[in-house]
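So the structure is just underneath, and the comments pick up after that.
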Amino acid sequence: MTRPLDGILVVSLEQAIAAPYATRLLADQGARVIKVERPDGGDFARQYDKRARGEASHFVWTNRSKESLTLDLKKPEAVSVLRRLIEKADVFVQNLAPGAADRLGLGHETLRAENERLITCAISGYGEGGPYGGKKAYDLLIQAEAGFLSVTGTPEAPAKAGISIADTAAGVSAYSTILAALLNRHKTGRGDHIEISMLEAMAEWMGYAMYFATDTAEPPRRAGAGHATIFPYGPYDTSDGTVLFGLQNDREWQAFCRLVLEREDLAVDERFKGNAGRTRHMELLDPQIRSAMAKLATAEAMSRLEAANIGTATVNDMAALWAHPQLAARGRWRDVGMPGRTIPALLPFSGAAWQPRLGPVPALGEHTTAILREIGLGEEEITAVGSQGSESP
């Protein structure tokens, strides 16, 4: 068995979420990923919390299957060692503060002059140049700048996503673009430079909302757990709980009226034909739907919805997601190692011909000595370039 990225070496000077997630996705498909960290604490995401069996939850999620190399990049000799390693690499990823890689002598033009097959990828908040090029960028700040907060939440108040959605968008964008660059290198024999900005990645994910508001039209409304433009769609209280369902077309609307609400009059009312008609008359329809659902027990409401072939879902918490019967039935969980213990991990997507890599989460500096010996350093040199130092640029 071979994996798609077997034999690909990725060196990543990374921290937080966006770059580590991109490189973990590469590692899933077989790439060897060497994660370069500061000796004095490493990737600061290691310290976010201790909720994942003693390790940080974000770090465990985004850093399995990697090798951790600690280098004190305040020392010129450590930078030289890193450049020797990058000369052998296929991909170099970094998400340092704007300008930091260039100040270290790790700018993409410099590196690609030494290795023309190298693919470099820089991930930042706003991209190089422009009035925002030097601004700090955290996930919540990008959610705000990209308009995500304006369409998320309730009519009374905006809300952020409960996960790092801007970081994730940037990580997925970097991963897919690196794969495209590797394919292009197969044709041309040359590497390339990729620049990913969190703002632009989120702007792409906001495409529907932007097009909905084309030419200063009214933007999508904040609809809580409902839908801004499809109705009915969202959670409804029953007599003993909540059901969540959504309708997509007139056939489902008519079945919903007849089998769930038992209201033939609503099924044939021309005012409610098409999603546009139902949305236009939402203030008339919504109280009637809520009144009907409130008279039903959850089990009865779900039975009627399923009989009408209406899409439904359970509003799960994290414990329920860990125990989800569909994930269990499809065998989607595997144990991965981490310092001193194991933890379950969701099996990454793969083709039928290969299994993704699910290596352990590395301890800080766990692979430093082995990697530096691999590129020819002696013991004194290893101690010098890997020893603890002050904060890197």
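On the basis of being among the acidic types (D, E) and touching a residue at least 12 places away in the same chain (Cβ under 8 Å), does D265 make the cut?
Working: among the acidic types (D, E): yes; touching a residue at least 12 places away in the same chain (Cβ under 8 Å): no.
Judged against the criteria, D265 is not a match.
From the list L140, L111, which residue is at negative phi and in contact with a Phe, Trp or Tyr (Cβ under 7 Å, 6 or more places away or on another chain)?
Values: L140 fails: in contact with a Phe, Trp or Tyr (Cβ under 7 Å, 6 or more places away or on another chain).
After ruling out the rest, the residue left standing is L111.
Exactly one condition in (1) touching a strand residue (DSSP E or B) at 6+ places or on another chain (Cβ under 9 Å); (2) of a type outside the set (G, A, S); (3) modelled with pLDDT of 90 or more; (4) surrounded by 14 or more Cβ atoms within 10 Å (Cβ to Cβ) is false for K74; which is it?
Exception for K74: condition (1).
Quick one: is S150 touching a Gly at 6+ places or on another chain (Cβ under 9 Å) and hydroxyl-bearing (S, T, Y)? Steps first, please.
On the way: touching a Gly at 6+ places or on another chain (Cβ under 9 Å): no; hydroxyl-bearing (S, T, Y): yes.
No: the conditions fail for S150.
May I ask you to verify whether G41 is under 21 Å from L9 (Cβ atoms) and at pLDDT below 95? Before the answer, list the steps.
Working: under 21 Å from L9 (Cβ atoms): no; at pLDDT below 95: yes.
Criteria not met by G41.
Filter the range 330-341 down to the residues that are in contact with a Pro (Cβ under 8 Å, 6 or more places away or on another chain) and at pLDDT 95 or above, then identify the one that is surrounded by the fewest Cβ atoms within 10 Å (Cβ to Cβ).
D335
Hey, could you check the range 136-154 for residues that are assigned to a loop (DSSP other than H, G, I, E, B) and either among the β-branched types (V, I, T) or modelled with pLDDT of 90 or more (or both) and say which is nearest to A97 (Cα to Cα)? Break it down into steps so the answer makes sense when it comes.
Step one: filter the range 136-154 for residues assigned to a loop (DSSP other than H, G, I, E, B), giving 136-138, 146-147, 152, 154.
Within this subset, residues satisfying the condition of being either among the β-branched types (V, I, T) or modelled with pLDDT of 90 or more (or both) are 137-138, 146-147, 152, 154.
Values: A137: 9, Y138: 12, A146: 20, G147: 23, T152: 29, T154: 34 Å.
Restricting to residues being assigned to a loop (DSSP other than H, G, I, E, B) and either among the β-branched types (V, I, T) or modelled with pLDDT of 90 or more (or both), the top hit is A137.
Just to be sure I understand the filter: pairs with C-beta atoms under 6 Å, separated by 6 or more residues or on different chains, first member in the range 364-381 and in a loop (DSSP other than H, G, I, E, B), second member small (G, A, S). Which pairs pass?
As it stands, the answer is L364/G42; L364/S68; G365/S68; E366/S68; H367/S68, since those pairs meet every condition given.
For the range 307-329, check the following and say yes or no: at least one residue is hydrophobic (A, V, I, L, M, F, W, C), touching a helix residue (DSSP H, G or I) at 6+ places or on another chain (Cβ under 6 Å) and either without any contact (Cβ under 8 Å) to a residue 60 or more places away in the chain or surrounded by fewer than 14 Cβ atoms within 10 Å (Cβ to Cβ) (or both).
Yes: the range 307-329 contains one or more residues that are hydrophobic (A, V, I, L, M, F, W, C), touching a helix residue (DSSP H, G or I) at 6+ places or on another chain (Cβ under 6 Å) and either without any contact (Cβ under 8 Å) to a residue 60 or more places away in the chain or surrounded by fewer than 14 Cβ atoms within 10 Å (Cβ to Cβ) (or both).
So P348 ticks every box in (1) closer than 30 Å to G226 by Cα; (2) surrounded by 16 or more Cβ atoms within 10 Å (Cβ to Cβ); (3) at pLDDT below 95 but one. Which box is left unticked?
It is condition (3) that P348 fails.
Where residues in the range 136-165 are surrounded by fewer than 17 Cβ atoms within 10 Å (Cβ to Cβ) and among the aliphatic types (A, V, I, L, M), which of them is farthest from A16 (Cα to Cα)?
Among residues in the range 136-165 that are surrounded by fewer than 17 Cβ atoms within 10 Å (Cβ to Cβ) and among the aliphatic types (A, V, I, L, M), the one farthest from A16 (Cα to Cα) is A157.
Would you confirm whether any residue within the range 47-54 is buried (at least 20 other Cβ atoms within 10 Å of the Cβ) and either at negative phi or part of a loop (DSSP other than H, G, I, E, B) (or both)? Write out each step before concluding.
Kept after step one, since they are buried (at least 20 other Cβ atoms within 10 Å of the Cβ), are these residues of the range 47-54: none.
No, the range 47-54 has no match at all.
Please go through the range 314-351 and give me each residue that is of a type in the set (G, A, S) and either in a loop (DSSP other than H, G, I, E, B) or in the same structural domain as T242 (by TED's automatic domain parsing) (or both), ordered by number. Before you say what the answer is, go through the steps one by one.
First pass over the range 314-351, keeping only residues of a type in the set (G, A, S): 319-320, 323, 328-329, 331, 337, 340, 345, 350-351.
Result: A323, G331, G340, S350, G351.
Which residue, of G127, G133, is outside any helix (DSSP H, G or I), surrounded by fewer than 17 Cβ atoms within 10 Å (Cβ to Cβ) and assigned by TED's automatic domain parsing to the domain that holds V361?
Numbers: G127 fails: surrounded by fewer than 17 Cβ atoms within 10 Å (Cβ to Cβ).
Matching residue, one of G127, G133: G133.
For P20, all conditions in the list (1) part of a loop (DSSP other than H, G, I, E, B); (2) at pLDDT 95 or above; (3) of a type outside the set (A, V, I, L, M) hold save one; what is the number of the exception?
(1)
The values are calculated or read from the model by the stated rules, or taken from the named source; none is laboratory data. Because the structure is predicted, anything quoted here is derived from the model rather than measured. Note that we place each Cβ from the backbone using ideal geometry, even for glycine, and neighbour counts take in every protein chain shown.
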